Amino acid sequence: MTDEAWILEALRLTAGEPADSVFWRHSEGALKLYFLCNDVFAWGCADAEEITEANLPMLAQARADLAANGDKYADHLGDLYSARVRKLRPQGACYPYYPELIWPLFDACGPEREVGMGNPKPRPEETK
């Protein structure tokens, strides 16, 4: 895929994301795209995950999985994509901000996290 083609595909897949969650940077002749994921993986941490051509299938699958699990606007696409790339669940304090229907998608990204520095709260229990 050409640089232009994969970037356009990434932008298509991120359509509907809040304007401040996807950003770009031009460096050394290359355009790079990122999802902002501040405070998702560590408490009080500025963070971003690069969107790469190699990870486009993962991005597309994350969007499809969110839509199939009730998050029809894929509002949490950046967080799920980042968690899958890192093979790491979000910190427990993030879970209340996600619809419970998509918690299993985040749980599948990695092992349960230990509570401690950067993850001060456990993942809440699901309400039945």
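Here is how the numbers come out for the structure above:
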read-out: Matching entry among Cys45, Cys109, Cys94 (being of a type in the set (A, V, I, L, M, F, W, C), assigned to a loop (DSSP other than H, G, I, E, B) and free of Cβ contacts under 8 Å to residues at least 60 places away in the same chain); value: Cys109
read-out: Within region 22-42, tally of residues that are of a type in the set (S, T, N, Q) and either closer than 23 Å to Gln91 by Cα or in contact (Cβ under 8 Å) with a residue 60 or more places away in the chain (or both); value: 1
read-out: Matching option when the condition is part of a loop (DSSP other than H, G, I, E, B), farther than 29 Å from Gly118 by Cβ, free of Cβ contacts under 8 Å to residues at least 40 places away in the same chain and out of contact with any helix residue (DSSP H, G or I) (no Cβ under 9 Å at 6 or more places or on another chain), among Ala67, Ala5, Ala15, Ala19; value: Ala15
read-out: Residues that are touching a helix residue (DSSP H, G or I) at 6+ places or on another chain (Cβ under 9 Å) and part of a loop (DSSP other than H, G, I, E, B), drawn from region 113-123; value: Arg113, Val115, Pro120, Lys121, Pro122, Arg123
read-out: Of residues in region 60-108 being of a type in the set (Ser, Thr, Tyr) and more than 15 Å from Val22 (Cβ to Cβ), the one surrounded by the most Cβ atoms within 10 Å (Cβ to Cβ); value: Tyr95
read-out: Residues satisfying the stated conditions in region 13-59, i.e. exposed (fewer than 12 other Cβ atoms within 10 Å of the Cβ) and either over 27 Å from Pro96 (Cα atoms) or of a type in the set (S, T, N, Q) (or both); value: Arg25, His26, Ser27, Glu28, Gly29, Ala30, Leu31, Ala54, Pro57
read-out: Test: Ala54 is at pLDDT 95 or above, out of contact with any Phe, Trp or Tyr (no Cβ under 8 Å at 6 or more places or on another chain) and part of a loop (DSSP other than H, G, I, E, B); value: yes
read-out: Residue match in region 50-63 (condition: closer than 21 Å to Leu105 by Cβ, among the charged types (D, E, K, R) and touching a strand residue (DSSP E or B) at 6+ places or on another chain (Cβ under 7 Å)); value: yes
read-out: Subset of region 75-88 [more than 11 Å from Leu105 (Cβ to Cβ) and either in a loop (DSSP other than H, G, I, E, B) or without any contact (Cβ under 8 Å) to a residue 24 or more places away in the chain (or both)]; value: Asp75, Lys87, Leu88
read-out: All positions within region 60-103 that are in contact with a Lys or Arg (Cβ under 7 Å, 6 or more places away or on another chain) and hydrophobic (A, V, I, L, M, F, W, C); value: Ala62, Ala74, Leu77, Ala83, Ala93
read-out: Qualifying residue in region 70-77 (condition: of a type in the set (D, E, K, R), closer than 26 Å to Ala10 by Cβ, modelled with pLDDT of 95 or more and under 14 Å from the mean Cα position of the chain (by Cα)); value: no
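The values are calculated or read from the model by the stated rules, or taken from the named source; none is laboratory data. All values reported here derive from a predicted model rather than from experimental measurement. As a convention, Cβ positions derive from the backbone with ideal geometry for all residues, glycine included, and neighbour counts pool all protein chains shown.
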